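The values are calculated or read from the model by the stated rules, or taken from the named source; none is laboratory data. The model shown is predicted, which means the values in this text are computed figures rather than measured ones. Cβ placement follows ideal geometry from the backbone for every residue including glycine, while neighbour counts extend to all protein chains displayed. Only protein heavy atoms, including side chains, enter the accessible area calculation; ligands, DNA and RNA are left aside. Shrake-Rupley method; radii C 1.70, N 1.55, O 1.52, S 1.80 Å.
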Amino acid sequence: MLTIKQYVRAQSLDEAYTLCQKRANVVLGGMLWLKTQNRTVDTAIDLSDLGLDTIEETPDEFRIGAMVTLRQLEQNRELAAYTRGAMAESVRHIVGVQFRNLATVGGSIYGRFGFSDVLTLFLALDAAVELHHGGRVPLAEYAARPYERDILTHIVVPKQPGTVAYLAQRNISTDFPVLTCAVAVRQDGVRCAVGARPMKAQLYQGNPALLAGGITPETAEAFAGSVAAEAAFGSNLRAGADYRRAICKVLVRRALLACKEDA
Amino acid sequence: MEIQLKLNGRPVRDSIDADTLLLDFVRAHGCTSVKRGCETSNCGLCTVLLDGKPVLSCSVLAARAAGHEVQTLEGLQAEAQEFVSFIADQGAEQCGFCNPGYVMNTIALLRENPDPTDDEIRAYLAGNLCRCSGYEGQLRGIRAFLNARNQAKEEKERG
């Protein structure tokens, strides 16, 4: 059971940051995962009043506030156009509309959950996070860091020419994924992220030389095999490691071919 | 702590604990259509509209809803009345426990997308669990309502 002693709607990021330094205090995202925990929170810090709930687009990037909901990501037309639907695809299986109206992108990324669909996609999109004190940090680096007591304020997605595809495997709709996969084909190569391994999402290089002659069904299969061989997988109640490795090969191949088709 | 919000159009002020959930708050203020289900943000039974958007009231702090507008089925009966008989006609109510959440989310769906396809209905209502019906009855009921409404609209346009 979650017990909260005090609730504060922070009026500035500095106030939120100061409150956040105490171990017993927690910054609220959508509160969905937090609520399932058995813990006592001294002060729950709400960022709702800080204007972090918008998606800004500039010629070079998207700047997504930490309090933007997964439903906003799903419905944003500019992100849909840029990702060719991959953004909506990455969240549409997450429980239901009511859940996605609460879950925040900041909570999802800060949590670096193993099952996170959005972490997988944002890694492939070469995103960065903005921390109130820590500044801009590449997401791949942030995802590997231990949890720290800084406020994640924005996710930044650079605009890069190319295509992206997102695929996930679930045992049943709306469940946690068995495996997640995002592939971005860029001018300088392929960025491939695999998550729900069941460990958190990570970028894998695979063997890029296999795609030197272009993406074909054969080269996509070979590259997917190299990613599946490189990635670490584990077992849990949803699937075994060997099954995940086999699924990884399929999803990476399909995502690559989808990118080629989109291009 | 003291909070004030608008509940079904009426201002409500109350003293609450910091961890009071919106679900408990609205039920304490007479809105017992809002059901306590899984309490793990999965079943949709506790759906309310927060500033017009469907959310799970079991996972929202009442304090967070302060200054905002909350609607429950008690405040939306006229809007619900348009289509609930179509769902009942399909025998899709069964035990009825999930029904208020279903109706609330269907209201949200039809406001957002007045003429959804079957796949859009399925996708929007995916977060509402029903342990009796198998979901087809609800889908048939909403489809029957939309067909009847569209037919009536066409007839009106034809004069």
Revision key, fill the gap. Ranked output for segments A:193-202, A:124-133, A:2-11, A:15-24 by mean other Cβ atoms within 10 Å, highest leading, reads A:193-202, A:124-133, A:2-11, A:15-24
Check your understanding: What angle do you read, to the nearest 10 degrees and between 0 and 90, between the alpha-carbon axis of helix A:217-230 and the longest principal axis of chain A?
Key -> 50 degrees
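Tell me, Kirkwood radius of the range B:38-137 from alpha-carbon pair distances, in Å? Let's see the in-between values first.
Working: mean 1/r = 0.0714 Å⁻¹.
Over the range B:38-137, the inverse of the mean reciprocal pair distance is 14.0 Å.
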Point to revise | Kyte-Doolittle mean at least -1.0 and Cα axial length at least 15 Å: DSSP H helices in chain B | key: B:77-89, B:99-112
Point to revise | Relative contact order, percent, chain A [alpha-carbon distance under 8 Å, six or more residues apart] | key: 15 percent
Revision key, fill the gap. Karplus-derived 3J(HN,Hα) from phi for the range B:31-37 (6.51 cos²θ - 1.76 cosθ + 1.60, θ = phi - 60°), whole Hz, x at Gly and Pro, runs 8, 7, 5, 7, 9, 8, x
Practice item. For the range B:52-90 and the range B:11-43, compute the distance between their C-alpha centroids and round to whole Å. Key: 12 Å
Review point. Tell me: how much accessible area in total is hidden between B and A, 1.4 Å probe, Å², nearest 100?
Key: 2100 Å²
Review point. Using a probe of 1.4 angstrom, how much of the accessible area of the range B:62-159 is carbon and sulfur, in percent?
Key: 49 percent
Exercise for review: Find out how many positive minus negative residues lie around B:LEU45, taking Lys and Arg as positive, Asp and Glu as negative, among other residues whose Cβ is under 13 Å from that of B:LEU45.
Suggested key: +3
Exercise for review: Select from the range B:1-38 all residues whose loss of accessible area on going from the chain by itself to the full protein assembly reaches 50 Å² or more (probe 1.4 Å).
Suggested key: B:ALA18, B:ASP19
Revision key, fill the gap. In whole angstrom, the spacing between the Cα centers of the range A:130-161 and the range A:168-209 equals 19 Å
Point to revise | Mean accessible surface per residue for the protein assembly as shown, computed with a 1.4 Å probe while every protein chain stays in place, in Å² | key: 44 Å²
Check your understanding: Okay, helix-only estimate at 222 nm for chain A: each DSSP H run of n ≥ 4 adds -39500 (n - 2.57), divide by all residues, round to 500 deg cm²/dmol; what do you get?
Key -> -9500 deg cm²/dmol
Check your understanding: What part of the accessible area of chain A, given as a whole %, is carbon or sulfur when the probe is 1.4 angstrom?
Key -> 51 percent
Practice item. Would you mind listing how long the protein assembly as shown runs along its three principal axes, going by Cα atoms, in whole Å with the largest first? Key: 64, 59, 44
Exercise for review: Just give the residues from the range A:94-135 buried by at least 50 square angstrom of accessible area in the all-chains context relative to the isolated chain, probe 1.4 Å, and say none if nothing qualifies.
Suggested key: A:VAL95, A:VAL97, A:GLN98, A:ASN101, A:LEU102
Revision key, fill the gap. Residues meeting the amide H criterion for A:THR163 (H placed from the backbone, H to H distance under 5 Å, 5 or more places apart or on another chain) are A:VAL185
**Study point:** GNM top mover of A:ARG244, A:ARG39, A:ARG84 - chain A, alpha-carbon springs below 10 Å
**Key:** A:ARG39
